1. May I ask you to say which residue of ARG88, ARG138 is within 60 Å of the chain's Cα centre (by Cα) and among the basic types (Lys, Arg)?
2. Any chance you could count how many residues in the range 1-19 are among the hydrophobic types (A, V, I, L, M, F, W, C) and surrounded by 10 or more Cβ atoms within 10 Å (Cβ to Cβ)?
3. With the structure loaded, tell me whether GLU9 is in a helix (DSSP H, G or I) and modelled with pLDDT under 95 or whether it fails that test.
4. Please determine, by comparing only the residues of the range 20-70 that are more than 44 Å from the chain's Cα centre (by Cα) and small (Gly, Ala, Ser), which one is surrounded by the most Cβ atoms within 10 Å (Cβ to Cβ).
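The values are calculated or read from the model by the stated rules, or taken from the named source; none is laboratory data. Computed from a predicted structure; not experimentally measured. Positions of Cβ are backbone-derived with ideal geometry, glycine not excepted, and every protein chain shown enters the neighbour counts.
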Amino acid sequence: MQCHCVHQEELDRQEQLISQLTSERDDLSSTLLLLQSELRTSNSELESANTKYDTLRSRIQISAQENLHHEREVRDLQNQLEQTRLERDEWKRSCERETAVVEEVRVECLEIRRELEMVRGEEESTVERLEKEREKARNLQSVLQDFQAGE
């Protein structure tokens, strides 16, 4: 009977071990299912994060290209502005030169007008003297004719 008892104890111990192992296996299966579910969720989240990352990276690249384009436009506009300033300065210098020439011409015109007025004054004076001299010559001519007629 002792053998049977030992055998029974051994069977009880093995059943207990089987029960414990079955419970552990069930726990491990549940844990495995839970881990598989979490892995699927993590994979899904990773795919979503990768998609968002790719989208963000694309936006950053587009933004970088737009920034380069805007920087080029700004440089072009700055160059145009500088060219316009240079042209404005050249026009300003040209205008100042032309203004100086106009002033010189104006002064020359005033001098020519004064000289013209002086010449006109002299001409009027000369015409008056010429008329007086002609009058004298006519008078002398008349006196000479009278004198010659009286002789």
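1. ARG88
2. First, the residues of the range 1-19 that are among the hydrophobic types (A, V, I, L, M, F, W, C): 1, 3, 5-6, 11, 17-18.
Those still in the list that are surrounded by 10 or more Cβ atoms within 10 Å (Cβ to Cβ) too: 6, 11, 17-18.
Counting residues in the range 1-19 that are among the hydrophobic types (A, V, I, L, M, F, W, C) and surrounded by 10 or more Cβ atoms within 10 Å (Cβ to Cβ) gives 4.
3. yes
4. SER42
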